[in-house]
Amino acid sequence: MTGVRCAPEDWVGTTRDAVARGYGFFEWLGAVDEIGRAGAPGDVLRVVLVLRDPASPGAPTLRLTTELPRDGPRLDSLGHVFAGARWHEREVAEMFGVVFVGGDPRRLLLGAEFEGTPMRKDEVLAARAATPWPGAKEPGETAASPSRRRMAPPGAPDPTVWGDRDPADSPAPAEEVAASAVGGRARRRRP
Amino acid sequence: MTAGPAGPGPGGTGAAETGAGHGSIRLVEERCTSCMVCARECPSWCITIDSHTEPVTDLPAGSRERTQNVLDRFEIDWSLCMYCGICVDECPFDALAWEPGHTDAAVSAVVLQHGIEELRGR
């Protein structure tokens, strides 16, 4: 797969150029929340478009990406280039909170009453935070011989960041919530 | 759906030929080392494992003492399982395998918590 990164304002133009070069088949469009990931560009949503050249089906696909700020992301719709892209844009819009200018504003999967953007990494599954995780135990660990090693489940944030946070504190910033919910070896609690 | 020959592709499950029906998950108890990998990888948190350690008895004379994990409880809650098969893929010792037979319906969710005996296979 070859990749092309462009600025948000060049999104439609870059796509039209790719179509002119033969990449006329729309494969899919999606987004990734890059917050809290080590080595990531930072506080951005990455929108990804994958195109294919129908004349050479076995050839590598072309991947176009652009990065939008997480706060108020807006992008021009590709609906005039590929009519089918509107469907994918509706999903990205409701899951990540991206506004597609000139796109279809209706929701695709979520109910009208649903609030929030479920695929953003700072969106917490409250039920997960409140349920004991079966993977927390170590092999061979019993109540009689507890292990000192602690594992945390992916998707449930550190209680000191979200949940049991001191009410006097302001809510944790999105970056801290996302970074504390990656799972693996539990971090030592801050003193 | 029409009753055609069972086989891979539309209309058949492929279970008869390949033995790969995805009806439920079987535990091969003697292979399980209680390593917790399946319980940690399970996206629906439906696997519960209890284990303890015991000293290994049949060691050659003079060797250092060693312990091994002994499986006490292995439970899959079929009311939570979404049959994704990640546990089957992730198990480092092939102690979990797909089973063509489905889990029976039950009158309450508690009955769908199957332990070692039920998971050992039919």
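The values are calculated or read from the model by the stated rules, or taken from the named source; none is laboratory data. Bear in mind that the values here come from a model prediction, so they are computed numbers and not experimental data. Using ideal geometry, Cβ is built from the backbone for each residue, glycine included, and neighbour counts are taken over all protein chains shown. Surface accessibility is based on the protein's heavy atoms, side chains included, excluding ligands, DNA and RNA. Shrake-Rupley method; radii C 1.70, N 1.55, O 1.52, S 1.80 Å.
Exactly one condition in (1) more than 14 Å from chain B (Cβ to nearest Cβ); (2) farther than 18 Å from residue A:47 by Cα is not met by residue A:89; state its number.
(2)
Any idea how many residues of region B:50-88 are open to solvent by 50 Å² or more (accessible area, probe 1.4 Å), among the β-branched types (Val, Ile, Thr) and either over 19 Å from residue A:135 (Cβ atoms) or more than 12 Å from chain A (Cβ to nearest Cβ) (or both)?
Qualifying residue count, region B:50-88: 3.
Provide a single number: the residues in region B:36-46 that are open to solvent by less than 40 Å² (accessible area, probe 1.4 Å), out of contact with any Gly (no Cβ under 8 Å at 6 or more places or on another chain) and at the interface with another protein chain (Cβ under 9 Å from one of its Cβ atoms).
The number of residues fulfilling the criteria is 2.
Determine if region A:47-57 includes at least one residue that is in contact (Cβ under 8 Å) with a residue 12 or more places away in the chain, assigned to a loop (DSSP other than H, G, I, E, B) and either in the same structural domain as residue A:174 (by TED's automatic domain parsing) or under 24 Å from residue A:122 (Cβ atoms) (or both).
Looking for residues that are in contact (Cβ under 8 Å) with a residue 12 or more places away in the chain, assigned to a loop (DSSP other than H, G, I, E, B) and either in the same structural domain as residue A:174 (by TED's automatic domain parsing) or under 24 Å from residue A:122 (Cβ atoms) (or both), one finds none in region A:47-57, hence no.
Enumerate the pairs (first residue in region B:95-122 and farther than 15 Å from residue B:81 by Cβ; second residue anywhere and part of a helix (DSSP H, G or I)) with beta-carbon separation below 8 Å, excluding pairs fewer than 6 apart on the same chain, so at least 6 apart or on different chains.
B:95/B:29; B:95/B:31; B:100/B:15; B:116/B:29; B:120/B:29
In the list A:86, A:90, which residue meets the criterion of being assigned to a helix (DSSP H, G or I), of a type outside the set (A, V, I, L, M) and open to solvent by 40 Å² or more (accessible area, probe 1.4 Å)?
So the residue among A:86, A:90 that is assigned to a helix (DSSP H, G or I), of a type outside the set (A, V, I, L, M) and open to solvent by 40 Å² or more (accessible area, probe 1.4 Å) is A:86.
Just checking, does region A:122-132 include any residue being charged (D, E, K, R), away from chain B (no Cβ under 12 Å), within 17 Å of the chain's Cα centre (by Cα) and within 28 Å of residue A:76 (Cα to Cα)?
Looking through region A:122-132, at least one residue is charged (D, E, K, R), away from chain B (no Cβ under 12 Å), within 17 Å of the chain's Cα centre (by Cα) and within 28 Å of residue A:76 (Cα to Cα).
Quick one: what pairs do we get from region A:174-186, first residue in the same structural domain as residue A:159 (by TED's automatic domain parsing) and open to solvent by less than 50 Å² (accessible area, probe 1.4 Å), second at pLDDT 80 or above and among the aromatic types (Phe, Trp, Tyr), C-beta under 7 Å, 6+ apart or different chains?
A:177/A:162
Yes or no, residue by residue, for (1) in contact with a His (Cβ under 6 Å, 6 or more places away or on another chain); (2) more than 15 Å from residue A:13 (Cα to Cα):
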{"residue": "A:29", "(1), (2)": "yes, yes"}
{"residue": "A:42", "(1), (2)": "no, yes"}
{"residue": "A:52", "(1), (2)": "no, yes"}
{"residue": "A:70", "(1), (2)": "no, yes"}
{"residue": "A:82", "(1), (2)": "no, no"}
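Can you report the number of residues in region B:89-104 which are loosely packed, with under 14 Cβ neighbours inside 10 Å and either small (Gly, Ala, Ser) or on the phi > 0 side of the Ramachandran plot (or both)?
Result for region B:89-104: 2.
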